[in-house]
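S.K.: After the structure tokens below, expect a handful of questions from me.
No value in this document is a laboratory result; all are computed from the given coordinates. Not measured: the values here are computed from a predicted model. Positions of Cβ are generated from backbone atoms using ideal geometry, with glycine treated the same way; all protein chains shown enter the neighbour counts.
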Amino acid sequence: MTDHEHHSAQGSPSGEAGPESLAAFREFRERMNSEILEEGNLVVNRFFNLDGRAYEKGALDVRTKELMGLVASLVLRCDDCITYHVIRCREEGVTRAEFFDTLGVGLVVGGSITIPHLRRAVARWSELDNAAGG
């Protein structure tokens, strides 16, 4: 199982970005991904593998692919995917300025309907800032 198997699990049931929500998101995603993969369904397992491999270094670096994943998640309005990619962007060293440039692209592509999801992305970023002490 890779870290990129984010599409098959939901975050916190309330969808709120609160102090415990990142931990709840991670715990639920990991638990459900394990349960799903343990079924051994060929199609599901192969899709999870493909999803993970898509974000590996290739012609594009991992950091760029995570930024692309964030834009796609914002445009598709998937809050769980947004949370996942915000976390991964931070892990890949994305700066706050780069994060907001990326959100700007997603907003232009997705339009005003993405604004609530943009808010959640910023809340997650701030949550990570607070957890890191800055």
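S.K.: Go through region 28-52 and give me each residue that's loosely packed, with under 13 Cβ neighbours inside 10 Å and either touching an Asp or Glu at 6+ places or on another chain (Cβ under 7 Å) or at negative phi (or both).
M.R.: Initially, region 28-52 is screened for residues loosely packed, with under 13 Cβ neighbours inside 10 Å, giving 31, 34-35, 38-43, 46, 50.
Passing the criteria: Arg31, Ser34, Glu35, Glu38, Glu39, Asn41, Leu42, Val43, Arg46, Leu50.
S.K.: Determine whether region 82-98 contains at least one residue that is surrounded by 21 or more Cβ atoms within 10 Å (Cβ to Cβ), part of a helix (DSSP H, G or I) and among the small types (Gly, Ala, Ser).
M.R.: So far as region 82-98 goes, no, none of its residues is surrounded by 21 or more Cβ atoms within 10 Å (Cβ to Cβ), part of a helix (DSSP H, G or I) and among the small types (Gly, Ala, Ser).
S.K.: When region 99-123 is examined, which residues are found to be in a helix (DSSP H, G or I) and among the small types (Gly, Ala, Ser)? Give the steps one after another, and end with the answer.
M.R.: Step one: of region 99-123, the residues in a helix (DSSP H, G or I) are 99-110, 112-123.
Within region 99-123, Gly104, Gly106, Gly110, Ser112, Ala121, Ala123 meet the criteria.
S.K.: Okay, next question. From the set of residues in region 53-77 that are in contact (Cβ under 8 Å) with a residue 40 or more places away in the chain, out of contact with any Cys (no Cβ under 8 Å at 6 or more places or on another chain) and at negative phi, which is surrounded by the most Cβ atoms within 10 Å (Cβ to Cβ)?
M.R.: This residue is Leu74.
S.K.: Sort out which residues of region 79-120 are over 22 Å from Lys57 (Cα atoms) and touching a residue at least 60 places away in the same chain (Cβ under 8 Å), and write them in order of number.
M.R.: Within region 79-120, Asp79, Asp80, Arg120 meet the criteria.
S.K.: While we're on this one: Of the residues that sit in region 104-122 and are within 13 Å of the chain's Cα centre (by Cα) and of a type in the set (A, V, I, L, M), which one is surrounded by the most Cβ atoms within 10 Å (Cβ to Cβ)? Steps first, answer last, please.
M.R.: Filtering region 104-122 down to residues within 13 Å of the chain's Cα centre (by Cα) leaves 117-118, 120-122.
Then keep just the ones that are of a type in the set (A, V, I, L, M); that gives 118, 121-122.
Details: Leu118: 19, Ala121: 26, Val122: 16.
Only one residue tops the list, namely Ala121.
S.K.: On to the next question. Return yes when Ala131 is among the small types (Gly, Ala, Ser) and closer than 22 Å to Tyr55 by Cβ and no when it is not. It would help to see each step written out before you state the result.
M.R.: Numbers: among the small types (Gly, Ala, Ser): yes; closer than 22 Å to Tyr55 by Cβ: no.
So Ala131 fails the test.
S.K.: Of Ser126, Ser73, which residue is within 16 Å of Ala23 (Cα to Cα), among the polar types (S, T, N, Q) and assigned to a helix (DSSP H, G or I)?
M.R.: Details: Ser73 fails: within 16 Å of Ala23 (Cα to Cα).
After ruling out the rest, the residue left standing is Ser126.
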